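S.K.: First the structure, which I've put down as structure tokens, then a few questions once you've had a look.
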Amino acid sequence: MKIDGIDKIIIKRLVKDARTPVLSIAREVGISGAAIHQRLRKLEKSNLIDGYKMIINSKALGYNTTAFVGVFLDSASLYSSAIKRLKEIPEVIESHYTTGNYAIFIKIKCKNNEDLMHLLNKNIQNIKGVSRTETFISLDQHIDRQISI
């Protein structure tokens, strides 16, 4: 997919704030709002734009603990069933099939460390095929960004 300078400006503005009015971007680059819409449709069809979403501040909802958990499986063949069960746990917000020590690496949001311990002991470690887990609690996050264009 080839993108030009105008496409880059459109993408940068919408990554910064997805609610930026199309007409505001159109005025900035000197083309019509309809042309911006056409370019957006082209970028969406090319799969360069994967979607638009609202980001919820999890701390405002009381989710103050972020943890990363390496999940060890008894067998790689249990991956699909383990993922199916992990999808049923709302606190699991990301999962990655990885190389290295863990079969699965997940990101979890919990209210506090006690909730995290309960989630690990009662939900995750009870999934069939999970032999053990290794947990890392995030103390702070300083970088949260998209890949730059």
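The values are calculated or read from the model by the stated rules, or taken from the named source; none is laboratory data. A quick note: this is a predicted structure, and the numbers were derived from the prediction, not measured. Because the Cβ atoms are built from the backbone with ideal geometry, glycine has one as well, and the counts that use them run over all protein chains shown.
S.K.: Exactly one of (1) closer than 10 Å to VAL69 by Cβ; (2) modelled with pLDDT under 95; (3) of a type in the set (D, E, K, R) is unmet by ASP144. Its number?
M.R.: Here ASP144 meets the rest and fails (1).
S.K.: Give the residue that is modelled with the lowest pLDDT, with candidates limited to residues of segment 4-21 that are surrounded by 12 or more Cβ atoms within 10 Å (Cβ to Cβ) and part of a loop (DSSP other than H, G, I, E, B).
M.R.: Among those that are surrounded by 12 or more Cβ atoms within 10 Å (Cβ to Cβ) and part of a loop (DSSP other than H, G, I, E, B), it is ALA18.
S.K.: Just for helices (runs of 4 or more DSSP H) wholly inside segment 22-109: which have at least 1 residues that are in contact with a Gly (Cβ under 6 Å, 6 or more places away or on another chain) and under 20 Å from ASN121 (Cβ atoms)? Break it down into steps so the answer makes sense when it comes.
M.R.: On the way: elements: 22-29, 33-45, 79-87.
In segment 22-109, 79-87 are the helices (runs of 4 or more DSSP H) which contain 1 or more residues that are in contact with a Gly (Cβ under 6 Å, 6 or more places away or on another chain) and under 20 Å from ASN121 (Cβ atoms).
S.K.: If you scan segment 55-88, which residues turn out to be in contact (Cβ under 8 Å) with a residue 24 or more places away in the chain, within 30 Å of VAL15 (Cα to Cα) and surrounded by fewer than 15 Cβ atoms within 10 Å (Cβ to Cβ)?
M.R.: GLY62, ASN64
S.K.: Could you list all residues from segment 27-54 that are in contact (Cβ under 8 Å) with a residue 40 or more places away in the chain and among the hydrophobic types (A, V, I, L, M, F, W, C)?
M.R.: Within segment 27-54, LEU43, LEU48 qualify.
S.K.: Within segment 93-141, which residues are surrounded by fewer than 10 Cβ atoms within 10 Å (Cβ to Cβ) and either assigned by TED's automatic domain parsing to the domain that holds LYS16 or under 13 Å from PHE68 (Cα atoms) (or both)?
M.R.: LEU139, ASP140, GLN141
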